[in-house]
Structures are given as C-alpha cells and as structure tokens.
1. Would you tally the net charge around residue 60, using a Cβ to Cβ cut-off of less than 14 Å, leaving residue 60 out, and scoring K and R as +1, D and E as -1?
2. For every other residue with a beta carbon closer than 11 angstrom to the beta carbon of residue 3, add +1 if it is Lys or Arg and -1 if Asp or Glu, then tell me the sum.
3. Given only helices, namely DSSP H runs of n ≥ 4 each adding -39500 (n - 2.57), what is the per-residue ellipticity at 222 nm of the chain, to the nearest 500 deg cm²/dmol?
4. Count charges around residue 48 for me, please; just the other residues with Cβ under 15 Å from its Cβ, Lys/Arg as +1, Asp/Glu as -1.
5. Would you work out the relative contact order for the chain, in percent, from Cα pairs under 8 angstrom that are 6 or more residues apart?
6. Out of the trypsin sites (Lys or Arg not before Pro) in the chain, which ones are loop residues according to DSSP with at most 15 other C-beta atoms within 10 Å?
Amino acid sequence: MTSITLPARCDRAAAEALLPEMIAALGSGALQIDARECQQIGQAMLQLLVSARQTGEGAVILPSRALEDVAALTGLTDELFSGVLS
C-alpha cells in the first residue's frame, strides 16, 4: 500500500503538489493518506481526497480532528471515511 502524508496546510497549492504523486500511485493497490497533521483544509484538497477514494482501488484516509470537522460541515464524512473510522 502506497502512503502519502499531507501537510498541515492543505490548500490548493498542496493539492496541486500532491496530485502527481497520487496519479503515480494508481495501479499499485489502495492508497493510504495520512492526514493526521492537517489543520487547514481547503476545497481543492477535499476534492482531491474524494477523487482518491473513488479512483482505482481507493484510498484509506487517516484524518486529523480538523479534517473530520470539515468533512462533517461539508457533508463528506461518509464519502471520505466510510469503512475507515470506528
């Protein structure tokens, strides 16, 4: 399983920087995304995370409390974490 760690500030620039790495991971099994250090999450990163969950063999996202809160506010909790959080 390929693992990618997200930065504390997950804005559009971070999403653009991580996109090539995520694309390169396609075809190598499920992706693990370590988002436990995320403190600021923007729309572009949310879109990238949803896409990662829906593409190829999917992704497992290990969220920070901030990411969980943003997911709840945007209605994306199931989309991002279904089958992951206890």
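1. -1
2. Overall, the nearby charge balance is -2.
3. Theoretical 222 nm ellipticity from helices: -14000 deg cm²/dmol.
4. -2
5. 31 percent
6. 36
None of the figures in this text is laboratory data; all of them are computed from the coordinates on show. Because the structure is a prediction, the values reported are computed rather than measured. Every residue, glycine as well, gets a Cβ built from its backbone with ideal geometry; the counts of neighbours run over all protein chains shown.
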